[in-house]
Every structure is written in C-alpha cells, then in structure tokens.
Amino acid sequence: AQTIHQWPVAEIKAVGSPLSLGCTIKGKSSPNLYWYWQATGGTLQQLFYSITVGQVESVVQLNLSASRPKDDQFILSTEKLLLSHSGFYLCAWSSGEAPLFGEGTRLSVL
Amino acid sequence: GDQVEQSPSALSLHEGTGSALRCNFTTTMRAVQWFRKNSRGSLINLFYLASGTKENGRLKSAFDSKERYSTLHIRDAQLEDSGTYFCAAERGSALGRLHFGAGTQLIVIP
C-alpha cells in the first residue's frame, strides 16, 4: 500500500528565516507529486507539481521553491520566510486519478 | 479569477435529514473531486468523478461537465458527518491542477 509522509507536523518560524518542508511517498514509483497551501481563512491553492525527478512546475508565485531530488521525495523551501507564508501545507501524490494527501504541516511565521 | 464557486458556505442539518452541497464552475472541467477535512486539516477523498454519479453509503455525488456543476448529497445525516467539505475541479489543460471551492462547514445537530 502507498503511504505519504510529511514532515514536520508543525513549525513556528521567524520572518526572514529559512524553511524546508518534506514529503516522502512509499510504495509507488514515478508518482505525480503536488504541493498545496491554504492560508488561514483562505482557499486551498496548488503551488507546485512534479511529474518526474528533477522536474518541478510552479503554479502560484509565493516566493517559495520546490525540488524533487529523488523519485519519492518532494521538498518545499524558501531562504526567507514572509508573514504571508503562514498557513497549512499539504503534499499529495497521484497516478492519474484522485490525489491522496499527506497529513499536512502547519506553519506559523512570527 | 475564481473558477469554482461552492455553496453553501455553512450548513446546519438535524440528525436524520439531508441536503446537498453544490459547486459551479466558470469553465469546463475534466473531473471533480469531493473531500472532507479531517481533524488534522488534511483532506480525505470522498469521490472522484469524470462524469455521472457515484454513491457511497449515505453520500452521493454527481458531476455534469457540460452544465458545469457538481453536487454532493448527504442523506440521513449523522453527528459524525459534521466537518468541512471541499470540492475541487480539474481542468484538462493543466496536469493535475486542482481548483478548490471555498468549502462548506457542515454542522449536524442532534
């Protein structure tokens, strides 16, 4: 069975500090991978997607970047956090149909 | 602009009754999904439809791509059905890009 694991569960970070969120998928080769984000009180938005290792497409510009260093790993990062980056981040994978979501990371930027 | 309009934003149902949530789309969508938010904030898949209807227990969903809408019907509502429900639609032009509705907060009253 496929599993998706996100880390960390929650983060409290200072404005201007760096950030790295991780997502690992087990049990599926070459999945399509996605990062989503929901600001507090906002709508879920897709940030990035990747269909293969080393290839990432940006959907929404939020001063964040994503990388796929391995087939089963998707990383979301930034060198300098903004207050507006606070919210809930979800990683998801799919193999064509309904994506399955990780448990999410709640980020508070102070 | 917003491509998915979800209604109602909030709904109260007495136990045992039913109602429907609706998502209207401003453009033709390839598929629609319905999710429920779990206690951690992550999303649990309820339905994925490319057309027609699907039923699972007390939930039933329909998707009409031509008429640009989807519905989620809940019948015989139970207390544990309380929560936030989202629709998300996928356009054919962008790989895996989901456009989310703003969500419906359902409260089931004893």
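Descriptive notes on the structure:
- Size of the protein assembly as shown as Cα extents on the principal axes (Å, biggest first): 50, 37, 35
- From the C-alpha gyration tensor of chain B, square roots of 5λ in Å: 24, 14, 12
- For segment A:29-93 versus segment B:46-98, the gap between their alpha-carbon centres in whole angstrom: 24 Å
- Distance in nm between pseudo-label sites at B:Asn24 and A:Ala1 (7 Å out along the Cβ direction from Cα): 4.0 nm
- DSSP beta bridges in chain A [antiparallel fraction, %, rounded to 5]: 90 percent
- Fraction of beta bridges assigned by DSSP in the protein assembly as shown that are antiparallel (%, nearest 5): 90 percent
- Within segment A:9-38, backbone nitrogen closer than 20 Å to the virtual label 7 Å beyond the Cα of A:Glu103 toward Cβ: A:9-13, A:20-28, A:34-38
- Rounded to the nearest 0.05, the FRET efficiency derived from the C-beta distance between A:Lys26 and A:Gln55 at R0 = 30 Å is 0.90.
- Taking the inverse of the mean reciprocal distance over all distinct Cα pairs, the Kirkwood hydrodynamic radius of segment A:4-110 comes to 13.7 Å.
Where a number appears in this text, it was derived from the coordinates with a stated rule and is not lab data. All of these numbers come straight from a predicted model, not from anything done at the bench. With ideal geometry, Cβ positions are generated from the backbone for all residues, glycine too; neighbour counts draw on all protein chains shown.
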